[in-house]
Structures are given as C-alpha cells and as structure tokens.
Amino acid sequence: MVRNWLVYLLGLAGAVAFHAFYFGWYSWFILVLAVCLPLFSLLVSLPAMLRVRLHLDVPPDCLRGEPAYVTLRVSNGFLPIPQCRFRLVVHTVMTGRQVTLKQQTPGHENWYVPLNTAHCGILRCEAQKGRVFDYLGLFRLPVRVGKPVEIMVKPVPAEPEKLPNLTQFLARRRQPKPGGGFSEEHELRDYRPGDSMRDMHWKLSVKTDRLIVREAQEPVRGLTLLTFDLAGGPEQVDATLEQLLWLSQWLLNHETEHQILWIDPADCEIATANIQKPEDLEELLPRVLGVLLRRDTPSLASRRFSSASWRYHIQPGQEVQP
C-alpha cells in the first residue's frame, strides 16, 4: 500500500506541476481528477470490499506422502474481486511447528497451496490478518476469515522388519461358539432339546443309534496387548505408528480383539483403546495424532502386564520380545 501511495503522490505532483506551467483549461481538469481519484476509487470499491469473505478448505485426511492442498477461496457475490492479503498459518499439532505463508488473491476466486505431508500428524490451517484493498490499493479494511480447518495425515501401514513371536499367540482353549454356525473346529456331543437340526451329524447318529450333534467351537485367548511409545522425532513416530497400524490390522484380520496402550504426552498417564473392528482404529488415530509430543514422556518398553497372555511392544529399530 505504501508503494501505491508513493506512485499516486508522484502522479499528483506531476499534475500540480503541469497545472502550474500550463494554463490550458484541461490542466485544471487533470489536477481535479488527480485530487479526487483516491476518493473515487474508495467509493467504487467499497461495496465489493464490504462483501468480501475468505474461506479455507482441506480434505479431512490423507496418507503420509500423498499430495494435499488447502483451498483458498475469496468471494463477494457478483462484483469484481479486489485485492486481498493475509497470512496462512499452518500449525503442526504434534511438533508445535508453525509455518507462515504470505498470500494474496491471484485475480480469481480459488487457488491452492500445497501442504507438507512428509510426516504423520494433524495440520491446522488458519488465515490471519486478512486485509482487503480498494481497486487502486490505497485504502484497506479488515476482512472476515473463516474458521481454522484441519487435515489428518495418516500413517501408511508398514510390516515390521522382524515379526513378533507368535508362538504364544495360539489359543489356550476353545469354547462353544455362541449361536452355533460355521466353524472349522467342532466337538461332538449328544443331542439336547433346542439344538438346530442343521448341526446334526447324521452319519454318526445312524452308526451309534443315538443323536449326535456337531458343536461349533471358537478359540479362547487371553488379553492381547500392543504397546508403543509416543515419543521421539517425526521419523521415529512415523515408523512406530505405521507398524502399530499394520499389526493391529493383522490381528483384526485374524479375528482377534486386542488393546492398544501408550502414555499420553498431555498428562503422562496410560491411555488405552479397545480394538474390536476397523472403525476403532479410525477413532484411535485422532487421539494419537492430535497431541503435542514431549521429550520427557516415559516409555512402556520395560513395564510388565501380567494380565496379558500376549504382548508386543512396538519399537522400530530395536527388537523387543513380547
């Protein structure tokens, strides 16, 4: 804006000099026009300036390393869009790092700013110090900006270099499957009133001359536990969360409910999540990615959990036996 005023004052000085040394009628006309030009620009621009609104939009989430953009949109109805300037602040929640990008309208309503998705976490985008200028850039007014928007950069599941010891993951015993139905494992027993006829073992019943039923069995496991440390640099956190996601999905694919434990950096207390279906993992990610990391967060690596029949601590780069 200062540059625009300097250009205007230089032009006004030229109009004054022209009027002082030339006595033609239009020298007076040029001088009056130069004097009234800022007020005329403000009056013409004011309706568009008062109607300007600035909006930000981002996709709800993306995978780490995927291209992602924040969409900036300036609207003021049907009027020509005046120039707007503001600061786009991108805040990384996990590290507390902020990046400030100066922005101005490029002459059309929408434009896109790329985001850094090299690491997992939640990125909060906010527009600050918005200003709208008249068409000559001599006057400015504050402009309303939209609410901050967030995008979650999710980890990509990655198989650990060394899989955990799965020998202790076998079922300790089996029990009748509630409601019956199909199962690869079953036991034979005598018929009891209320048993479904579909579960009858007809060949064996004919041979033994008594009614025999196939009773579907399901494995009974103790508490299955995954633990991890939410600490370290961005690369360490990325590797930890990617292995955590892979192992949790592997357990779900094997129809194994499990718990995930970690120490929340916000209060240094143990946080838990019960994972019974894929949707539980989706609910877990915002809890993990939306906290500020601390250097003094304690580790769960050396802690013992006697209630767990199978436990694995995720620590990329180091082999920790369950």
Query raised in the report: What number of residues in the stretch 206-235 are surrounded by fewer than 16 Cβ atoms within 10 Å (Cβ to Cβ), modelled with pLDDT of 75 or more and in a helix (DSSP H, G or I)?
Result: 3
Query raised in the report: Which of the residues that make up the stretch 236-247 are out of contact with any Lys or Arg (no Cβ under 7 Å at 6 or more places or on another chain) and either more than 17 Å from ALA118 (Cα to Cα) or crowded, with 19+ Cβ neighbours inside 10 Å (or both)?
Result: VAL237, ALA239, THR240, LEU241, GLU242, GLN243, LEU244, LEU245, TRP246, LEU247
Report task. Mind listing whichever residues of the stretch 298-314 are out of contact with any Leu (no Cβ under 8 Å at 6 or more places or on another chain), surrounded by 13 or more Cβ atoms within 10 Å (Cβ to Cβ) and either charged (D, E, K, R) or not assigned by TED's automatic domain parsing to the domain that holds LEU230 (or both)? Result -> ARG303
Query raised in the report: Residue check: is ILE270 among the hydrophobic types (A, V, I, L, M, F, W, C), over 22 Å from GLU150 (Cα atoms) and buried (at least 17 other Cβ atoms within 10 Å of the Cβ)?
Result: no
Requested in this report: Take the stretch 149-195 and flag every residue that is out of contact with any Cys (no Cβ under 7 Å at 6 or more places or on another chain), modelled with pLDDT of 80 or more and surrounded by 13 or more Cβ atoms within 10 Å (Cβ to Cβ).
Outcome: GLU150, MET152, VAL156, PRO157, ALA158, PRO160
**Report entry** Counted residues, the stretch 67-107 - those being touching a residue at least 60 places away in the same chain (Cβ under 8 Å) and not hydrophobic (A, V, I, L, M, F, W, C)
**Finding:** 2
Report task. Determine, yes or no, whether ARG131 is modelled with pLDDT under 65 and among the basic types (Lys, Arg). Result -> no
Query raised in the report: In the stretch 125-148, how many residues are over 29 Å from the mean Cα position of the chain (by Cα) and buried (at least 22 other Cβ atoms within 10 Å of the Cβ)?
Result: 3
Report task. Output the number of residues of the stretch 125-159 satisfying the condition of being within 30 Å of LEU9 (Cβ to Cβ), among the β-branched types (Val, Ile, Thr) and in a strand (DSSP E or B). Result -> 1
**Report entry** Verdict on ILE122 being surrounded by 13 or more Cβ atoms within 10 Å (Cβ to Cβ), of a type in the set (Val, Ile, Thr) and closer than 30 Å to LEU10 by Cα
**Finding:** no
Query raised in the report: What residue, of THR256, THR240, is touching a Gly at 6+ places or on another chain (Cβ under 8 Å) and within 14 Å of TYR312 (Cβ to Cβ)?
Result: THR240
Report summary line: For GLN98, the lone unmet condition from (1) within 28 Å of THR297 (Cβ to Cβ); (2) surrounded by 13 or more Cβ atoms within 10 Å (Cβ to Cβ) is (2)
Query raised in the report: Are there any pairs with C-beta distances below 6 angstrom linking a residue in the stretch 46-65 that is under 30 Å from GLU242 (Cα atoms) and in contact (Cβ under 8 Å) with a residue 60 or more places away in the chain to a residue that is not polar (S, T, N, Q) and not in a strand (DSSP E or B), with the two at least 6 apart or on different chains, and if so which?
Result: LEU56/GLY146; CYS62/ALA68; LEU63/VAL156; ARG64/CYS120; ARG64/PRO155; ARG64/VAL156
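The values are calculated or read from the model by the stated rules, or taken from the named source; none is laboratory data. Owing to the predicted nature of the structure, the values given are computational and were not obtained by experimental measurement. Glycine gets a Cβ as well: all are built from the backbone with ideal geometry, and neighbour counts include every protein chain shown.
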